[in-house]
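The values are calculated or read from the model by the stated rules, or taken from the named source; none is laboratory data. For clarity, every value in this text was computed on a predicted model and none was experimentally measured. Neighbour counts run over all protein chains shown; Cβ positions are idealised from the backbone, glycine included. For accessibility, only protein heavy atoms count, side chains too; no ligands or nucleic acids. Shrake-Rupley method; radii C 1.70, N 1.55, O 1.52, S 1.80 Å.
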Amino acid sequence: YQKKQERFKKTAFGVQTIVSRKLYRAANLTVEEYFRKKWNISRAQVYRFLDAADVLRQLKDFSFTPRHELLCRTLKHYAKTHDDMVLLWQSVLDKAQNKLTSINSGLITKVWNEL
């Protein structure tokens, strides 16, 4: 779980750094062109990674954080404030106990509906 989590964080924060510092301009490309050519991902996926980076930043105090973009998207869908995000993620971790690989969008939705 940890390796995948770290790889995902690195990717999400890497995309965020490239966009926020406008590093794509050094290649004389737009954001969309840069990520299509260099990373082979769509503009929509770039924005999903940016949203994921925002979620990961809100959950920075947790040892375990989401390990893929869909989990972050689901968390963002339900938790509109930082406090809600922290409460929801802590509740998801509590529900999953030591079975971190069992965390999926369905579990997040179920936990949110129970809160």
Listed by range, helices (runs of 4 or more DSSP H) wholly within the stretch 25-83 having at least 3 residues that are under 21 Å from Lys9 (Cβ atoms) and at pLDDT 95 or above are 43-58, 69-78
Suppose the filter is surrounded by 12 or more Cβ atoms within 10 Å (Cβ to Cβ), more than 30 Å from Asp83 (Cβ to Cβ) and free of Cβ contacts under 8 Å to residues at least 24 places away in the same chain; does Arg36 pass it? yes
Only one of Arg48, Arg57, Arg36 is basic (Lys, Arg), more than 23 Å from Glu114 (Cα to Cα) and more than 15 Å from the chain's Cα centre (by Cα). Can you tell me which? Arg36
Pairs needed: first member in the stretch 84-104, of a type in the set (Ser, Thr, Tyr); second member anywhere, assigned to a loop (DSSP other than H, G, I, E, B); C-beta distance under 7 Å; at least 6 residues apart or different chains. Ser91/Leu115; Thr101/Tyr1
Considering only the stretch 87-101, state which residues are at pLDDT 95 or above and open to solvent by 50 Å² or more (accessible area, probe 1.4 Å). Leu87, Gln90, Asp94, Lys95
